[in-house]
Amino acid sequence: MNRQVAASSVVIAGGGVIGLACALECRLRGAKVILVEKGHCGGQASGAAAGMLAPYSENTDYLDPFYKLCQDSLTLYGEWLQQVGEYSHIDPEFMQTGSLNVIFHAADVEPMKRRIAWQRGTGARAEWVEGADLHRLEPGLTRDAAGAILYPDEAHIYAPSYVMALEEACHKAGVEIFDHAGEIVLERRGDDFLFTGGQLPHPISGDRLVIATGAWAEQWQEVCGAIWPVVPIRGQICAFPTVAGEVRHMVFGSQGYVVAKANGSLVCGASEDVAGFDTSVTESGIARLKRWSRQLIPQLEGRPIQLSWAGLRPSTSDGWPLIGPVRGAEQVICAFGHYRNGILLAPVTAKRVGDWLEERDVPSYMEAFDPLRFTTNG
């Protein structure tokens, strides 16, 4: 793993799942790595996520670069978690439960079967199930379901534990972490970029800077000479108490999902709205989750919610992340805007960042995530 990198020192801005993954990857490739986080690592979207690794459930229309990015990342996950486990004793609770994408109307059956056909063409495992077969797979599912697509390879992890595992792995691998740094400033001095201010003990710079600050990335666009239309989308989530085996798969419906965690909670999400950087939960948002989840799993009727929370998802105007070097500011590599797929996309994002640091070739589809695509088109 430890190959000589073209950039001998790397500064990572952002301590969410993407920043931590990039920091670990760069360190394992031999670079000196410093990570700067204004709060605590995983304190925003990463720690609040449901942790689903579901590229086929999330990408339902056609084969495009984003589908390929998500599929490639799922393929990397087994090896990636093994690497993380070599440096961390924290169990991220990876569970390959598979998923069910449920429909309620007969008119939706043929579109779902067409989806199965094109996704199978990309190597995905998918099958149509209905009737008694569906309810053998998921006994608690409503009898109103007309059928579902089963994706046996989709999985999930427990996001809070995963973020802690990444942070511990970074520490043990030798990443220097400055968290609780406060409101830092990115300055450009000639060809060099450096962080100053906040609670930093001194200015911090490196051969390369990786920006992984999620919904806060817009604050760095001017100094990099770019336009990065990234806005926070509040995702509200709740959890019911559950028992092992009550819900066996990740279950997706038209309005969200439910997923059972090893800690005895059934996570239900997500109610989305635009609320700036407000992470409070709302009565209306949680009420919507309660209604539809009980329609999906009738036995939840009358069961109290044990917890509710919200996280900020970094969304771009076209829904795709910005990943790659910034032309005209080649020292900078972007890795943000992953919206609701940050957990899923962490391994592939980290791998590509490492490849750019080593000046290796990357797949041609990565051009679709060019950080300057809005600058050029604007």
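Rounded to the nearest 500 deg cm²/dmol, what is the calculated helix-only ellipticity per residue at 222 nm for the chain, with -39500 (n - 2.57) per DSSP H run of length n ≥ 4?
Helices in the chain give a 222 nm mean residue ellipticity of -9000 deg cm²/dmol.
Hey, any idea what % of region 184-250's accessible area is carbon plus sulfur with a 1.4 Å probe? Please report the intermediate quantities before stating the final value.
Working: 1370 of 2790 Å².
So the carbon and sulfur contribution to the accessible surface is 49 percent.
Students often get this wrong, so check it: of 172/351; 261/351; 38/172; 113/261; 38/68, which have C-alpha atoms separated by over 23 Å?
Going by Cα-Cα distance, 261/351; 113/261; 38/68 fall outside the 23 Å limit.
With r defined as the distance between the Cβ atoms of residue 248 and residue 219 and R0 fixed at 41 Å, what FRET efficiency is calculated, to the nearest 0.05?
According to the calculation, E is roughly 0.40.
Residue 204: accessible area at probe 1.4 Å, nearest 10 Å²?
0 Å²
So how far apart, in nm, are the two label points at residue 122 and residue 108 if each is 7 Å from Cα heading toward Cβ?
2.0 nm
Taking the dipole about the Cα centre of the chain, with the C-beta of Lys and Arg at +1 and of Asp and Glu at -1, give me whichever of 224, 162, 369 is farthest to the positive side.
Going by the charge dipole, the pick is 162.
Can you tell me the FRET efficiency between residue 361 and residue 330 if r is taken as the Cβ-Cβ distance and R0 is 22 Å, rounded to the nearest 0.05?
The formula returns an efficiency of 0.85 here.
Highest mean first, how do 274-281, 174-181 rank when packing is the count of other Cβ atoms within 10 Å averaged over residues?
Descending packing order for the listed peptides: 174-181, 274-281.
Take the Cα pairs of region 234-336, get the Kirkwood Rh, then feed it into Stokes-Einstein at 37 °C and 0.692 mPa s and tell me D in µm²/s.
In µm²/s, the coefficient rounds to 212.
Give, as a single signed number, the net charge of other residues whose beta carbon lies under 14 Å from the beta carbon of residue 259, with Lys and Arg counted +1 and Asp and Glu -1.
Surrounding charge for residue 259 is -2.
Using bins 5 angstrom wide from zero, how does P(r) for region 84-129 break down, in % of all Cα pairs?
Per 5 Å bin, starting at 0, the Cα pair percentages come out as 5, 16, 19, 16, 10, 9, 9, 8, 5, 2.
Given the chain, what percent of its DSSP beta bridges are antiparallel, to the nearest 5?
So the antiparallel bridges in the chain amount to around 70 percent.
Once you've got the GNM for the chain with C-alpha springs shorter than 10 Å, pick whichever of 53, 344, 81 has the biggest mean-square fluctuation.
Comparing 53, 344, 81 in the GNM, the peak value goes to 81.
What net charge do the residues around residue 178 carry, taking every other residue with its C-beta under 10 Å from that of residue 178, with Lys and Arg at +1 and Asp and Glu at -1?
Its environment carries a net charge of -2.
Any chance you could check the Cα centroid distance between region 283-311 and region 249-274 for me, in angstrom?
When both Cα centres are located, 9 Å separates them.
Work out the charge dipole of the chain with +1 on the Cβ of Lys and Arg and -1 on the Cβ of Asp and Glu about the Cα centre, then indicate which of 175, 74, 41 is farthest towards its positive end.
Checked the options; the winner is 74.
Hey, with R₀ at 45 Å, roughly what FRET efficiency would residue 291 and residue 202 work out to, going by the Cβ-Cβ distance, to 0.05?
Using R0 = 45 Å, I get an efficiency of 0.25.
Is any residue of region 98-122 close enough, with backbone N under 20 Å, to a label point placed 7 angstrom from the Cα of residue 136 along the Cα-Cβ axis, and if so, which?
Flagged as within label range: 98-103.
From a point 7 Å beyond the Cα of residue 188 in the direction of its Cβ, which residues of region 345-378 have a backbone N at a distance under 16 Å?
The answer is 371-376.
Over region 52-110, what number does the Rg to Rh ratio reach, with both radii from the alpha-carbon atoms and Rh per Kirkwood?
1.11
To the nearest 20 Debye, how big is the dipole of region 1-156 about its Cα centre, given +1 on the beta carbon of each Lys and Arg and -1 on that of each Asp and Glu?
Result for region 1-156 is approximately 540 debye, rounded to the nearest 20.
So what's the net charge close to residue 276: Lys and Arg +1, Asp and Glu -1, counting the other residues with Cβ under 14 Å from its Cβ?
That sum, taken over residues with Cβ under 14 Å, equals -2.
Dipole of the chain, Cα-centred, from +1 at each Lys and Arg C-beta and -1 at each Asp and Glu C-beta, to the nearest 20 debye?
Here the size comes out at about 500 debye.
Using a 1.4 Å probe on the protein heavy atoms only, what accessible surface does residue 172 show? Give it in Å² to the nearest 10.
Here the residue's solvent-accessible area equals roughly 130 Å².
GNM on the chain, C-alpha springs below 10 Å: top fluctuator among 66, 104, 94?
104
The values are calculated or read from the model by the stated rules, or taken from the named source; none is laboratory data. Fair warning: this is a prediction, and the values are worked out from it, not measured in the lab. Please note: Cβ atoms are built from the backbone with ideal geometry, for glycine as well, and neighbour counts cover all protein chains shown. These accessible areas exclude ligands, DNA and RNA; they are computed on the full protein's heavy atoms, side chains included. Shrake-Rupley method; radii C 1.70, N 1.55, O 1.52, S 1.80 Å.
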